[in-house]
1. Could you give me the residue pairs with C-beta distances under 6 Å whose first residue belongs to region 317-328 and is under 12 Å from residue 343 (Cβ atoms), whose second residue is of a type in the set (S, T, N, Q) wherever it lies, and which are 6+ apart or on separate chains?
2. Suppose we filter 259, 186, 241 for residues that are of a type outside the set (S, T, N, Q), away from the ligand (no atom under 16 Å from the Cβ), open to solvent by less than 30 Å² (accessible area, probe 1.4 Å) and farther than 22 Å from residue 124 by Cα; which single one remains?
3. Please specify each residue of region 283-315 satisfying the condition of being over 20 Å from the mean Cα position of the chain (by Cα) and not in a strand (DSSP E or B).
4. Hey, could you check region 287-318 for residues that are farther than 30 Å from residue 54 by Cβ and more than 16 Å from the ligand (Cβ to nearest atom) and say which is most open to solvent (accessible area, probe 1.4 Å)?
5. Can you find, within region 141-167, the residue that is nearest to residue 306 (Cα to Cα) among those that are away from the ligand (no atom under 16 Å from the Cβ), aliphatic (A, V, I, L, M) and under 13 Å from the mean Cα position of the chain (by Cα)?
6. Identify the residue in region 244-256 that is within 14 Å of residue 185 (Cβ to Cβ) and open to solvent by 10 Å² or more (accessible area, probe 1.4 Å) and, among all such residues, is farthest from the ligand (Cβ to nearest atom).
7. Just name the residue that is least open to solvent (accessible area, probe 1.4 Å) out of those in region 189-226 that are assigned to a loop (DSSP other than H, G, I, E, B), on the phi < 0 side of the Ramachandran plot and more than 14 Å from the ligand (Cβ to nearest atom).
Amino acid sequence: MRDSRFMRMLGLLFAVVLGAALITGCGSTKDDSDSSGGGGSAASADAGKADTSAAIKKGLKVVVMPKQLGNPYEELEDKGTVAAIEETGGSAKIQGPTDAGASSQVSLLRSITQQKPDAIVLAANDPNAIAPVLKQAMQRGVKVVTQDSDAAKDARQIFINQATTQSIGVQLAKQAKSTAGTGEIAVLSATANAPNQNAWIKIMKAELQKPEYQGLKLVKVAYGDDDDQKSFQQAQGLLSAYPNLKSIISPTTVGIAAAARYVSGSKYKGKVAITGLGTPNQMRKFVKDGTVSEFALWNPEDVGYLGGYAAAALASGQISGKQGESFKAGKLGTKTIGADGEIVLGPPTTFTKDNIDKFDF
Ligand code: RAM
(Lines give C-alpha, C1' and ligand atoms only; values in the text may rest on other atoms or scores of the structure.)
Protein backbone atom coordinates (compact mmCIF):
# COMPACT_ATOMS: atom_id res chain seq x y z
CA MET A 1 0.00 0.00 0.00
CA ARG A 2 2.65 2.45 1.10
CA ASP A 3 4.76 1.23 -1.80
CA SER A 4 2.11 1.88 -4.40
CA ARG A 5 1.49 5.40 -3.01
CA PHE A 6 5.23 6.02 -3.17
CA MET A 7 5.30 4.81 -6.78
CA ARG A 8 2.36 7.08 -7.68
CA MET A 9 4.11 10.08 -6.14
CA LEU A 10 7.30 9.19 -7.93
CA GLY A 11 5.37 8.98 -11.20
CA LEU A 12 3.78 12.39 -10.56
CA LEU A 13 7.12 13.93 -9.73
CA PHE A 14 8.60 12.47 -12.92
CA ALA A 15 5.74 13.90 -15.01
CA VAL A 16 6.16 17.35 -13.42
CA VAL A 17 9.91 17.38 -14.03
CA LEU A 18 9.47 16.16 -17.60
CA GLY A 19 6.76 18.76 -18.27
CA ALA A 20 8.90 21.54 -16.84
CA ALA A 21 11.83 20.44 -18.96
CA LEU A 22 9.68 20.44 -22.09
CA ILE A 23 8.23 23.87 -21.36
CA THR A 24 11.66 25.33 -20.67
CA GLY A 25 13.00 23.72 -23.81
CA CYS A 26 10.19 25.04 -26.01
CA GLY A 27 10.24 28.47 -24.49
CA SER A 28 13.98 29.02 -24.66
CA THR A 29 15.14 31.63 -27.08
CA LYS A 30 18.23 31.33 -29.18
CA ASP A 31 19.97 33.80 -26.90
CA ASP A 32 19.16 31.72 -23.83
CA SER A 33 20.57 28.54 -25.24
CA ASP A 34 23.53 30.33 -26.81
CA SER A 35 24.56 31.98 -23.60
CA SER A 36 24.01 28.94 -21.42
CA GLY A 37 27.65 28.00 -21.66
CA GLY A 38 26.57 24.40 -21.27
CA GLY A 39 25.99 24.03 -24.98
CA GLY A 40 29.50 22.75 -25.59
CA SER A 41 28.51 19.31 -26.77
CA ALA A 42 25.64 20.63 -28.88
CA ALA A 43 27.99 23.15 -30.43
CA SER A 44 30.58 20.53 -31.24
CA ALA A 45 27.94 18.22 -32.69
CA ASP A 46 27.00 21.09 -34.99
CA ALA A 47 30.59 21.91 -35.84
CA GLY A 48 30.95 23.00 -39.43
CA LYS A 49 27.28 23.97 -39.79
CA ALA A 50 26.99 27.74 -39.78
CA ASP A 51 23.80 29.55 -38.85
CA THR A 52 24.16 33.13 -40.06
CA SER A 53 21.10 34.17 -38.05
CA ALA A 54 22.61 32.96 -34.77
CA ALA A 55 23.26 35.68 -32.22
CA ILE A 56 26.79 36.45 -31.03
CA LYS A 57 27.31 34.56 -27.77
CA LYS A 58 27.85 36.75 -24.74
CA GLY A 59 30.80 36.15 -22.44
CA LEU A 60 33.16 34.64 -25.00
CA LYS A 61 36.69 34.10 -23.74
CA VAL A 62 39.33 34.88 -26.32
CA VAL A 63 43.12 34.76 -26.20
CA VAL A 64 44.94 37.23 -28.45
CA MET A 65 48.54 36.45 -29.41
CA PRO A 66 50.92 38.88 -31.16
CA LYS A 67 54.09 37.81 -32.99
CA GLN A 68 55.87 39.19 -29.94
CA LEU A 69 55.07 41.52 -27.06
CA GLY A 70 56.39 45.07 -27.23
CA ASN A 71 56.09 45.54 -31.00
CA PRO A 72 54.10 48.80 -31.42
CA TYR A 73 52.42 47.49 -34.56
CA GLU A 74 51.26 44.30 -32.87
CA GLU A 75 50.06 46.32 -29.89
CA LEU A 76 47.80 48.38 -32.15
CA GLU A 77 46.48 45.28 -33.82
CA ASP A 78 45.74 43.53 -30.52
CA LYS A 79 44.07 46.67 -29.19
CA GLY A 80 41.64 46.34 -32.11
CA THR A 81 40.97 42.67 -31.34
CA VAL A 82 40.34 43.34 -27.66
CA ALA A 83 37.97 46.22 -28.55
CA ALA A 84 35.96 43.98 -30.88
CA ILE A 85 35.66 41.15 -28.36
CA GLU A 86 34.61 43.56 -25.62
CA GLU A 87 32.02 45.12 -27.95
CA THR A 88 30.46 41.68 -28.33
CA GLY A 89 30.28 41.27 -24.54
CA GLY A 90 33.23 38.91 -24.26
CA SER A 91 36.62 39.18 -22.63
CA ALA A 92 40.02 39.03 -24.28
CA LYS A 93 43.42 38.38 -22.80
CA ILE A 94 46.70 39.16 -24.59
CA GLN A 95 49.41 36.52 -24.24
CA GLY A 96 52.51 36.43 -26.38
CA PRO A 97 56.18 35.50 -26.57
CA THR A 98 58.98 38.02 -26.06
CA ASP A 99 60.61 37.29 -29.41
CA ALA A 100 59.33 36.57 -32.90
CA GLY A 101 61.30 33.33 -33.36
CA ALA A 102 59.76 30.46 -35.31
CA SER A 103 58.87 28.30 -32.31
CA SER A 104 58.41 31.02 -29.68
CA GLN A 105 54.60 30.65 -29.68
CA VAL A 106 54.37 26.86 -29.46
CA SER A 107 54.57 26.20 -25.71
CA LEU A 108 52.34 29.17 -24.92
CA LEU A 109 49.72 27.88 -27.36
CA ARG A 110 49.96 24.45 -25.77
CA SER A 111 49.06 25.77 -22.33
CA ILE A 112 46.33 28.06 -23.73
CA THR A 113 44.77 25.06 -25.51
CA GLN A 114 44.55 23.26 -22.14
CA GLN A 115 42.50 26.17 -20.80
CA LYS A 116 40.12 25.81 -23.78
CA PRO A 117 39.16 29.41 -24.53
CA ASP A 118 36.37 29.96 -27.08
CA ALA A 119 38.86 31.30 -29.60
CA ILE A 120 42.50 32.17 -30.22
CA VAL A 121 43.36 35.11 -32.49
CA LEU A 122 47.04 35.22 -33.43
CA ALA A 123 49.73 36.52 -35.77
CA ALA A 124 51.94 33.55 -36.67
CA ASN A 125 55.71 33.56 -36.40
CA ASP A 126 56.02 30.44 -38.52
CA PRO A 127 53.32 28.76 -40.61
CA ASN A 128 54.23 25.19 -39.67
CA ALA A 129 55.81 25.22 -36.20
CA ILE A 130 52.46 26.12 -34.61
CA ALA A 131 50.28 24.02 -36.93
CA PRO A 132 50.11 20.85 -34.75
CA VAL A 133 49.11 22.72 -31.58
CA LEU A 134 46.57 24.86 -33.45
CA LYS A 135 45.04 21.74 -34.98
CA GLN A 136 44.80 20.22 -31.53
CA ALA A 137 43.07 23.38 -30.30
CA MET A 138 40.54 23.21 -33.14
CA GLN A 139 39.86 19.54 -32.40
CA ARG A 140 38.98 20.60 -28.87
CA GLY A 141 36.46 23.11 -30.19
CA VAL A 142 38.64 26.23 -29.89
CA LYS A 143 38.16 28.49 -32.91
CA VAL A 144 41.37 29.74 -34.50
CA VAL A 145 41.77 33.00 -36.42
CA THR A 146 45.10 34.22 -37.76
CA GLN A 147 45.60 37.90 -38.53
CA ASP A 148 48.51 39.79 -40.08
CA SER A 149 50.64 36.66 -40.52
CA ASP A 150 49.09 33.34 -41.47
CA ALA A 151 49.57 29.78 -40.22
CA ALA A 152 49.23 26.73 -42.48
CA LYS A 153 45.73 26.91 -44.00
CA ASP A 154 44.49 23.72 -42.31
CA ALA A 155 45.64 24.95 -38.89
CA ARG A 156 43.15 27.85 -38.65
CA GLN A 157 39.61 28.60 -39.70
CA ILE A 158 40.06 32.19 -40.92
CA PHE A 159 42.95 34.44 -41.90
CA ILE A 160 42.53 38.22 -41.78
CA ASN A 161 44.85 39.61 -44.40
CA GLN A 162 45.56 43.33 -44.19
CA ALA A 163 45.57 43.67 -47.99
CA THR A 164 46.09 41.08 -50.70
CA THR A 165 49.56 39.54 -50.50
CA GLN A 166 49.97 40.33 -54.19
CA SER A 167 49.17 44.02 -53.74
CA ILE A 168 51.66 44.40 -50.88
CA GLY A 169 54.44 42.67 -52.84
CA VAL A 170 53.76 44.85 -55.88
CA GLN A 171 53.76 47.95 -53.68
CA LEU A 172 57.20 47.06 -52.28
CA ALA A 173 58.59 46.70 -55.80
CA LYS A 174 57.10 50.07 -56.77
CA GLN A 175 58.62 51.68 -53.68
CA ALA A 176 62.01 50.23 -54.66
CA LYS A 177 61.74 51.81 -58.09
CA SER A 178 60.44 55.18 -56.98
CA THR A 179 63.14 55.57 -54.32
CA ALA A 180 66.14 54.01 -56.12
CA GLY A 181 65.31 54.38 -59.83
CA THR A 182 67.98 51.92 -60.89
CA GLY A 183 70.95 50.35 -59.12
CA GLU A 184 71.39 48.23 -56.02
CA ILE A 185 68.67 47.71 -53.45
CA ALA A 186 68.39 45.51 -50.35
CA VAL A 187 65.56 44.21 -48.22
CA LEU A 188 65.64 44.38 -44.43
CA SER A 189 63.00 41.90 -43.32
CA ALA A 190 61.65 40.58 -40.02
CA THR A 191 62.55 36.93 -39.20
CA ALA A 192 63.61 34.39 -41.81
CA ASN A 193 60.43 32.39 -41.09
CA ALA A 194 57.87 35.22 -40.99
CA PRO A 195 54.94 34.03 -43.12
CA ASN A 196 53.74 37.51 -44.09
CA GLN A 197 57.12 39.08 -44.95
CA ASN A 198 58.23 35.97 -46.86
CA ALA A 199 55.06 35.99 -48.94
CA TRP A 200 55.46 39.69 -49.77
CA ILE A 201 59.16 39.35 -50.64
CA LYS A 202 58.39 36.45 -52.96
CA ILE A 203 55.92 38.60 -54.92
CA MET A 204 58.32 41.55 -54.87
CA LYS A 205 61.13 39.42 -56.34
CA ALA A 206 58.84 38.17 -59.11
CA GLU A 207 57.82 41.76 -59.88
CA LEU A 208 61.44 42.84 -60.11
CA GLN A 209 61.89 40.42 -63.01
CA LYS A 210 59.47 42.46 -65.12
CA PRO A 211 60.87 44.80 -67.84
CA GLU A 212 59.77 47.97 -66.01
CA TYR A 213 62.17 47.13 -63.20
CA GLN A 214 65.17 46.60 -65.45
CA GLY A 215 68.30 48.10 -63.90
CA LEU A 216 67.20 47.46 -60.30
CA LYS A 217 69.25 44.80 -58.58
CA LEU A 218 68.27 43.19 -55.29
CA VAL A 219 71.64 42.38 -53.71
CA LYS A 220 70.62 41.04 -50.30
CA VAL A 221 67.72 40.12 -48.01
CA ALA A 222 68.79 40.71 -44.40
CA TYR A 223 66.85 39.80 -41.27
CA GLY A 224 66.52 42.00 -38.19
CA ASP A 225 64.12 39.54 -36.49
CA ASP A 226 61.68 42.36 -35.68
CA ASP A 227 64.13 43.30 -32.96
CA ASP A 228 64.99 47.01 -32.91
CA GLN A 229 68.68 46.65 -32.07
CA LYS A 230 69.31 43.79 -34.45
CA SER A 231 67.48 45.63 -37.24
CA PHE A 232 69.59 48.76 -36.58
CA GLN A 233 72.79 46.70 -36.81
CA GLN A 234 71.62 44.93 -39.94
CA ALA A 235 70.93 48.28 -41.62
CA GLN A 236 74.41 49.41 -40.66
CA GLY A 237 75.88 46.12 -41.96
CA LEU A 238 74.05 46.39 -45.29
CA LEU A 239 75.37 49.88 -45.90
CA SER A 240 78.95 49.01 -45.14
CA ALA A 241 78.83 45.77 -47.17
CA TYR A 242 77.13 47.40 -50.18
CA PRO A 243 78.45 50.95 -50.55
CA ASN A 244 76.48 51.50 -53.76
CA LEU A 245 73.14 50.71 -52.19
CA LYS A 246 70.46 53.16 -53.32
CA SER A 247 67.55 52.02 -51.18
CA ILE A 248 66.63 49.68 -48.33
CA ILE A 249 63.11 48.32 -48.50
CA SER A 250 61.93 47.14 -45.10
CA PRO A 251 58.56 45.38 -45.06
CA THR A 252 58.35 45.49 -41.27
CA THR A 253 57.47 48.38 -39.00
CA VAL A 254 60.31 47.42 -36.64
CA GLY A 255 62.89 47.19 -39.44
CA ILE A 256 61.97 50.39 -41.27
CA ALA A 257 62.02 52.48 -38.07
CA ALA A 258 65.41 51.08 -37.02
CA ALA A 259 66.91 51.52 -40.51
CA ALA A 260 65.60 55.09 -40.74
CA ARG A 261 67.04 55.88 -37.31
CA TYR A 262 70.44 54.58 -38.36
CA VAL A 263 70.49 56.42 -41.70
CA SER A 264 69.17 59.70 -40.26
CA GLY A 265 72.19 59.90 -37.98
CA SER A 266 74.77 58.74 -40.52
CA LYS A 267 76.66 59.98 -43.56
CA TYR A 268 74.14 58.08 -45.71
CA LYS A 269 71.33 60.51 -44.93
CA GLY A 270 70.00 61.99 -48.17
CA LYS A 271 71.98 59.44 -50.20
CA VAL A 272 70.34 56.13 -49.30
CA ALA A 273 66.56 55.87 -49.23
CA ILE A 274 64.60 53.93 -46.63
CA THR A 275 61.12 52.73 -47.53
CA GLY A 276 58.72 49.86 -46.88
CA LEU A 277 55.99 49.38 -44.26
CA GLY A 278 55.84 51.51 -41.12
CA THR A 279 53.47 53.17 -38.69
CA PRO A 280 53.00 56.93 -39.25
CA ASN A 281 53.72 57.72 -35.60
CA GLN A 282 57.07 55.90 -35.63
CA MET A 283 58.08 57.28 -39.02
CA ARG A 284 56.92 60.90 -38.74
CA LYS A 285 60.27 62.32 -37.59
CA PHE A 286 62.17 60.55 -40.37
CA VAL A 287 59.75 61.88 -42.99
CA LYS A 288 60.12 65.39 -41.55
CA ASP A 289 63.93 65.23 -41.45
CA GLY A 290 64.05 64.02 -45.06
CA THR A 291 65.39 60.49 -44.41
CA VAL A 292 62.19 58.86 -45.72
CA SER A 293 60.15 60.12 -48.66
CA GLU A 294 57.46 57.44 -48.73
CA PHE A 295 56.31 54.31 -46.95
CA ALA A 296 53.02 52.46 -46.60
CA LEU A 297 50.72 50.64 -44.19
CA TRP A 298 47.12 49.73 -43.50
CA ASN A 299 45.36 50.47 -40.21
CA PRO A 300 46.63 47.76 -37.81
CA GLU A 301 43.79 48.37 -35.36
CA ASP A 302 41.24 47.57 -38.05
CA VAL A 303 43.03 44.30 -38.90
CA GLY A 304 42.77 43.26 -35.25
CA TYR A 305 39.19 44.50 -34.90
CA LEU A 306 38.13 42.38 -37.87
CA GLY A 307 39.98 39.39 -36.39
CA GLY A 308 38.06 39.85 -33.14
CA TYR A 309 34.69 39.88 -34.88
CA ALA A 310 35.62 36.88 -37.03
CA ALA A 311 36.52 34.96 -33.85
CA ALA A 312 33.24 35.92 -32.16
CA ALA A 313 31.21 34.93 -35.24
CA LEU A 314 33.03 31.57 -35.43
CA ALA A 315 32.64 30.86 -31.71
CA SER A 316 28.93 31.73 -31.91
CA GLY A 317 28.33 29.34 -34.81
CA GLN A 318 27.38 32.14 -37.22
CA ILE A 319 30.12 31.10 -39.61
CA SER A 320 32.37 28.07 -39.98
CA GLY A 321 35.13 29.61 -42.10
CA LYS A 322 33.83 28.57 -45.50
CA GLN A 323 34.12 30.76 -48.57
CA GLY A 324 31.01 32.90 -49.14
CA GLU A 325 29.86 33.06 -45.52
CA SER A 326 29.19 36.59 -44.24
CA PHE A 327 29.08 38.15 -40.80
CA LYS A 328 28.76 41.58 -39.24
CA ALA A 329 32.05 43.10 -38.11
CA GLY A 330 30.87 46.07 -36.02
CA LYS A 331 31.94 49.43 -37.44
CA LEU A 332 33.60 47.73 -40.44
CA GLY A 333 30.22 46.47 -41.70
CA THR A 334 29.47 43.09 -43.25
CA LYS A 335 32.44 40.99 -44.32
CA THR A 336 32.48 37.90 -46.53
CA ILE A 337 34.98 35.06 -46.34
CA GLY A 338 36.99 34.56 -49.52
CA ALA A 339 38.94 31.60 -50.89
CA ASP A 340 41.02 29.61 -48.37
CA GLY A 341 39.21 31.20 -45.43
CA GLU A 342 40.82 34.58 -46.12
CA ILE A 343 39.24 37.97 -45.50
CA VAL A 344 41.04 40.97 -46.96
CA LEU A 345 40.74 44.26 -45.12
CA GLY A 346 41.64 46.76 -47.82
CA PRO A 347 44.44 48.45 -49.75
CA PRO A 348 47.39 50.01 -47.89
CA THR A 349 47.84 53.78 -47.68
CA THR A 350 51.04 55.46 -48.86
CA PHE A 351 52.38 58.08 -46.47
CA THR A 352 54.50 61.06 -47.53
CA LYS A 353 55.28 64.46 -46.00
CA ASP A 354 52.03 65.71 -47.53
CA ASN A 355 49.63 63.42 -45.68
CA ILE A 356 51.49 61.95 -42.69
CA ASP A 357 50.07 64.46 -40.22
CA LYS A 358 46.56 63.26 -40.99
CA PHE A 359 47.33 59.91 -39.36
CA ASP A 360 47.77 59.10 -35.71
CA PHE A 361 48.69 55.46 -35.15
C1 RAM B 1 55.91 44.23 -38.16
C2 RAM B 1 55.43 42.82 -38.06
C3 RAM B 1 54.06 42.64 -38.65
C4 RAM B 1 53.95 43.31 -40.01
C5 RAM B 1 54.34 44.75 -39.93
C6 RAM B 1 54.27 45.44 -41.26
O7 RAM B 1 55.33 44.99 -37.16
O8 RAM B 1 56.35 41.99 -38.72
O9 RAM B 1 53.78 41.27 -38.77
O10 RAM B 1 52.66 43.19 -40.55
O11 RAM B 1 55.66 44.82 -39.42
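The values are calculated or read from the model by the stated rules, or taken from the named source; none is laboratory data. For clarity, every value in this text was computed on a predicted model and none was experimentally measured. Counting neighbours? That spans all protein chains shown, and the Cβs are built from the backbone with ideal geometry, glycine included. In case anyone asks, the SASA skips ligands and DNA or RNA and just uses the protein heavy atoms, side chains included. Shrake-Rupley method; radii C 1.70, N 1.55, O 1.52, S 1.80 Å.
1. Partner pairs satisfying both residue conditions: 321/157; 326/334; 326/336; 327/318.
2. Details: 259 fails: away from the ligand (no atom under 16 Å from the Cβ); 241 fails: open to solvent by less than 30 Å² (accessible area, probe 1.4 Å).
Testing whether each residue is of a type outside the set (S, T, N, Q), away from the ligand (no atom under 16 Å from the Cβ), open to solvent by less than 30 Å² (accessible area, probe 1.4 Å) and farther than 22 Å from residue 124 by Cα leaves just 186.
3. Taking region 283-315 first, the residues over 20 Å from the mean Cα position of the chain (by Cα) are 283-295.
Within region 283-315, 283, 284, 285, 286, 287, 288, 289, 290, 291, 292, 293, 294 meet the criteria.
4. Going through region 287-318, the residues farther than 30 Å from residue 54 by Cβ turn out to be 287-297.
Right, trim to more than 16 Å from the ligand (Cβ to nearest atom) and you get 287-291, 293.
Details: 287: 10, 288: 121, 289: 60, 290: 50, 291: 8, 293: 75 Å².
Here the residue is 288.
5. Step one: list which residues in region 141-167 are away from the ligand (no atom under 16 Å from the Cβ), which gives 141-144, 152-155, 157-158.
The next check asks that each one be aliphatic (A, V, I, L, M); those that pass are 142, 144, 152, 155, 158.
Checking which are under 13 Å from the mean Cα position of the chain (by Cα) leaves us with 144, 158.
Working: 144: 13, 158: 11 Å.
Only one residue tops the list, namely 158.
6. 244
7. Here the residue is 210.
Per-residue answers, yes or no, for (1) open to solvent by 40 Å² or more (accessible area, probe 1.4 Å); (2) more than 16 Å from the ligand (Cβ to nearest atom):
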residue	(1), (2)
52	yes, yes
56	no, yes
62	no, yes
73	no, no
79	yes, no
